[in-house]
Every structure is written in C-alpha cells, then in structure tokens.
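Notes follow once the structure below has been shown.
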Amino acid sequence: MNLSAPFINRPVMTTFVMLTLVLAGWIAFFKLPVSDLPTIEHPHIQVNAGYIGASSEAILNLVTIPLEKELTHVKGVQEMTSTSSPGLSAISLTFDLSKNMDEAVRDVQAALNRAVPNLPTELDPRPTYELQENSQEPIMWLLLTSENSTVGELRSYAEAYIFPRLSRVEGVAQVKVYGAEKSIWLRLNPELMAARHIGFNEVIDTIRQQTTEMPLGTIQTSSKRLSIEWPKTIQKAKDLENIKIGSTEVRFKDIGEFSEKSDQDKEFHFVTADKTSMALIFGIQKVSDGNTVAIAKAARELLSSIEKELPSSIHLNIWFDKSVWIEESLVDVQWSLLFAFALVVLVIYFSLGRLSESLITSIALPLSLVGTFIIMYLAHFSLDLLSLLALTLSVGFVVDDAIVVLENIVRCQEKGGSPREASLLGSKQICFTILSMTLSLVAVFHPPALHDRH
C-alpha cells in the first residue's frame, strides 16, 4: 500500500491539486465566521405566566412553584431557571442537545395543562411558551450619557434614533437595553376606596380594559393586510386621573395619587474625575452564526456617523468591544504558527543537511493548514479559541509525519536510489505506519469531541 504513489508519479496533477487547495483554502479562510468560542445552541423554551397585581412573593408561591413542580417531570431538561417579579413569572428550560424539540414542546404543553388546575383563575396571561435561541452575551457594550437628560429621555432618544439603525446592521440579532424603564405608579388610599365602596378588583379590571388594544377587524388591499385596533388610552399618569372606575362615577383621582418614575435600582451613573452623568447601557447581540469581528467593525463604522449627529448634551461611547481581544488572539496564534513553522524548517535543515527536504516541509505544512480551512468551512466551523488550539496542535502532528517520511526517503536515497525511486520506496515502507499514527490520534480525540452529545 502506497497512498503517495499517484502523486509522485504524476507531478503535474499534484501541482494542480496543491494550487486548487491553496486557492479554495484562501477563499474559505475569509468566509469563516470569527468568534471567541464555538456556537452551541441548546434547545431552549421560555414559559411565561402573568398575575396582575400580585407581589413577587405571591407570584413565587402561587404561580412559579406549581409550574416548576410539573415542568421538572419533562424529560431531557438540562437546566431550569425561574424569575418571579411583580405580576409575572418567567421560567427558562434548557434541554440536552439530543432532545427532539417537537417532543420537548409536547412535553412542556402537557406539563402546563397539568399545572392549570393548581394555578389562580385570574392569571393574565395564561401560561404560554415559546422557542428561543440561547441568550448570548453582547459582543459590544455601548454607553449613552448625558449631564442634563434623565434616563427616560435617553432611552426615548436611543429607541427613536439609535436602536433602529443598529438593528439594521447585517448580523445584529437585537439591541439589548440595560437601564430604567419609565412606568406609571398608582398609590391607592384604602380609606377613600372604602368610603366610595370601590374594591381593588374593580380598579384592576378598569386598568386592564384601558391598557388593552382591542382588535376591530382588518382591511385587505391588493398588496397589504392592515389590522384595525382600538388604541389603549393610558400613555401617561395624567391619562388615568379622570377615568371612571367600572360603572361608577368615581374617578381614579378620587381614590389615589399618580406619578411617573423609573426604578432606581436600574439607574446607572457614569462617574468621571470632574462630573457625573446619567447613563444608559445597551449591548449589541449577534445572530448565532454571525461573524463577531465583521459585525463589530460594521457597528463601529455606523457609530462613528451617529456620534456626529448627536446633540451636544448627549455622548455615545464604546464601553467594551469583544472583537478587539478576539482579533488580538488571532494575531497571537498566527505568530505562534509562523514561529513554529520557522523552527521546524530550521530543525529539519540542520538535521538532514539538505535544503530540498526543508523546502518540502515548508510547502507541506502551510498547505495542510490551508486545506483544513476548506473542511472547516464545509462543516460550518468558526475561527475561535478552540479551533485555533486544534490547528496549533495539528501542526505538531503534521510535522511528526513529515519528519518520519522524509527521514525514511533520505535513508533510501543514501543507499543509492534515485530521488524518484527513493520517494516511492520510502513512502511505501512508511505509509502504513503514518496511517496507523493518524488513525490513533483520531481515536484519541474523537470521544472528547462527542462528549456533549451524550
């Protein structure tokens, strides 16, 4: 058995194969997505249930715990996390990679049906679920600051002029905001409510009616389908004041006070040596298979033009950019590979004392790496820390094989054979050994690669 014989006997074919590998590998290299780690999407289902007016503790005891008791019986759940906040219960289910999502959806729906009899009848919305991608950390954090504006004003400006433009960047999944949300607070007076015979449920029902957009129908044209809705009337605190409660003549302003404010726990301040500014923090999340470096570069170019259009009182800064250290890691690995390549060529030259054999290695090593990019592209891999580590390790394997083959060919040539005869004989003698070594390495590294699938 001699796998090298066809390439030794047909040098022209070998030359064209090498040129094809170089060209295809070069194209594939620039098409590979660049990220910090490989993208592994675990099946993910989000369960939500609402209970208007309930506190966090009531949501936990009356909604979250009964749902969790049933959802724990769903097979294949790798991780379950829950959040109980005023009026809302959110439960996240992360499944094993081998879990069939159609089966997972059926199991979750069955668990929710079993939990309904143990839940309050006033739930709004009723328990629902949706498939989601795994939440990813933003690839870029941005800071919008102002000394004169409130968080609400910063958020309104960002939602109107910044977020829509960032969302249109190719590869951006969403812009995630971290900052206070403006909300309407209603403080009821129990004595005034009792004097006017107004119950808490009447207040909740009236607010629900005023904040619900009622569908009235649709309009169908030749190219569009438009929905008609009765808009909600409550937009600001003052909109509540003169609304009548239920069928009574009592208005909200007769039984309580209203205010618009932000959650102080979610307000951020940007502190420097000479000033303190109100800050709005938001992050750019990429699609699961997006190129982190390319997306960040496009976002930076857009941000530079946005900064020129901002009012003088508002400042936009990049707080953290993940693509910077990803690019630095790529450069470090590239220099390491070049250094290893130079050392290998020098060691072979000083060991064998022949320039031609050193040149063979100097061609085989980069050709092997470039050819690997083709397989990585076809297998939908990315350039990340793990794949670069694998490439660095594979250099050692290629060098080992090359040294063994070259040494045996040189030995055959020193016995009096011509270069062609020595190449055929030496590669034939060592072919089975090289194949066995390669298959052994594949067998060693194959189980860790499949570890997460079991």
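Kindly provide the set of residues from segment 70-79 that are open to solvent by 20 Å² or more (accessible area, probe 1.4 Å) and either modelled with pLDDT of 90 or more or outside any strand (DSSP E or B) (or both), ordered by number. Scanning segment 70-79 gives Glu70, Thr72, His73, Lys75, Gly76.
For Glu407, are the conditions met, namely being in contact (Cβ under 8 Å) with a residue 40 or more places away in the chain and of a type in the set (D, E, K, R)? Yes. Checking each residue in segment 296-308 for being open to solvent by less than 80 Å² (accessible area, probe 1.4 Å) and either modelled with pLDDT under 85 or in contact with a Ser or Thr (Cβ under 8 Å, 6 or more places away or on another chain) (or both) picks out only Ala296.
Within segment 196-207, the set of residues being farther than 16 Å from Leu240 by Cβ and either open to solvent by less than 70 Å² (accessible area, probe 1.4 Å) or among the hydroxyl-bearing types (Ser, Thr, Tyr) (or both) comprises Gly199 only. The combined condition, being farther than 24 Å from Ile8 by Cα, surrounded by fewer than 18 Cβ atoms within 10 Å (Cβ to Cβ), modelled with pLDDT of 80 or more and within 44 Å of the chain's Cα centre (by Cα), is fulfilled by Leu378.
When each of Leu365, Leu369, Leu393, Leu388 is tested for being over 22 Å from Val22 (Cβ atoms), within 38 Å of the chain's Cα centre (by Cα) and outside any loop (DSSP other than H, G, I, E, B), the lone residue that passes is Leu393.
In the set (1) at positive phi; (2) open to solvent by 70 Å² or more (accessible area, probe 1.4 Å), the condition left unmet by Gly353 is number (2). Take Leu355 and tell me if it is at pLDDT below 80 and aliphatic (A, V, I, L, M). Judged against the criteria, Leu355 is a match. Within segment 50-69, one or more residues are of a type outside the set (Phe, Trp, Tyr), in contact with a helix residue (DSSP H, G or I) (Cβ under 8 Å, 6 or more places away or on another chain), open to solvent by 40 Å² or more (accessible area, probe 1.4 Å) and modelled with pLDDT under 85. Residues that are in a helix (DSSP H, G or I) and hydrophobic (A, V, I, L, M, F, W, C) were ranked within segment 87-112; the one that is nearest to Glu70 (Cα to Cα) is Ala111.
If you go through segment 391-408 and pick out every residue that is over 28 Å from Phe29 (Cβ atoms) and open to solvent by less than 30 Å² (accessible area, probe 1.4 Å), you end up with 1. In segment 96-109, the residues that are open to solvent by 50 Å² or more (accessible area, probe 1.4 Å) form Cβ pairs under 9 Å with partners that are assigned to a helix (DSSP H, G or I), at six or more places apart or across chains, as follows: Leu97/Asp452; Leu97/Arg453; Ser98/Arg453.
Ile314 - would you say it is touching an Asp or Glu at 6+ places or on another chain (Cβ under 6 Å), buried (at least 16 other Cβ atoms within 10 Å of the Cβ) and of a type outside the set (Asp, Glu)? Judged against the criteria, Ile314 is not a match. Per the listing Asp321, Asp332, the residue uniquely open to solvent by 40 Å² or more (accessible area, probe 1.4 Å) and out of contact with any Asp or Glu (no Cβ under 8 Å at 6 or more places or on another chain) is Asp332. State whether the residues of segment 348-357 include one that is farther than 22 Å from Tyr157 by Cβ, polar (S, T, N, Q) and part of a helix (DSSP H, G or I). Within segment 348-357, one or more residues are farther than 22 Å from Tyr157 by Cβ, polar (S, T, N, Q) and part of a helix (DSSP H, G or I).
Scanning segment 147-159 for residues being assigned to a helix (DSSP H, G or I), open to solvent by less than 60 Å² (accessible area, probe 1.4 Å) and not aromatic (Phe, Trp, Tyr) gives a total of 5.
Per the listing Gly416, Gly426, the residue uniquely open to solvent by 30 Å² or more (accessible area, probe 1.4 Å) and farther than 21 Å from Val442 by Cα is Gly416. Scanning segment 1-19 for residues that are in contact (Cβ under 8 Å) with a residue 60 or more places away in the chain and outside any helix (DSSP H, G or I) turns up Met1, Asn2, Leu3, Ser4. Starting from residues that are farther than 18 Å from Cys431 by Cα and aromatic (Phe, Trp, Tyr), keep the ones in segment 1-36 and report whichever is surrounded by the fewest Cβ atoms within 10 Å (Cβ to Cβ). It comes out as Phe30.
The values are calculated or read from the model by the stated rules, or taken from the named source; none is laboratory data. It should be emphasised that the depicted structure is a prediction, and the values quoted were computed from it without experimental measurement. Here Cβ is always computed from backbone atoms with ideal geometry, including for glycine, and neighbour counts include all displayed protein chains. Heavy atoms of the whole protein, side chains included, go into the accessibility calculation; ligands, DNA and RNA do not. Shrake-Rupley method; radii C 1.70, N 1.55, O 1.52, S 1.80 Å.
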